[in-house]
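This report concerns only the one structure given below.
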Amino acid sequence: MAINEIGPMLTATEVADMLHLHVNTVKRLGDRGEIPFYRVCKRGDRRFRLDDVMKFLSTNR
């Protein structure tokens with residue numbers, strides 16, 4: 001987990017482990033806009049804010 005100006009950031013794999021989902025499901029949720037994400041580095045890796053993941057959890061119990 002990396003920490004920067006916008007708060008702790010998680011990889012798709014870390015979010016998947018947290019939510020007990022497959023990593024592809026997490027990516028799909030991001031693509032649908034259900035969990036906002038940021039693209040980082042040249043490859044365009046996804047990073048999810050911890051706050052956004054927790055917000056998703058609280059609204060989708």
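The residues in segment 41-61 that are surrounded by 14 or more Cβ atoms within 10 Å (Cβ to Cβ) and either closer than 14 Å to M9 by Cα or among the acidic types (D, E) (or both) can be counted, and the count is 7.
Checked against (1) at pLDDT 95 or above; (2) in contact with an Asp or Glu (Cβ under 7 Å, 6 or more places away or on another chain); (3) not polar (S, T, N, Q), G7 passes all but a single condition, namely (1). Do we have any residue at all in segment 16-36 that's loosely packed, with under 13 Cβ neighbours inside 10 Å, among the polar types (S, T, N, Q) and free of Cβ contacts under 8 Å to residues at least 24 places away in the same chain? So far as segment 16-36 goes, yes, one or more of its residues are loosely packed, with under 13 Cβ neighbours inside 10 Å, among the polar types (S, T, N, Q) and free of Cβ contacts under 8 Å to residues at least 24 places away in the same chain.
The values are calculated or read from the model by the stated rules, or taken from the named source; none is laboratory data. Source: prediction; values computed, not measured. Methodologically, a virtual Cβ is constructed for each residue, glycine included, from the backbone with ideal geometry; neighbour enumeration extends over all protein chains shown.
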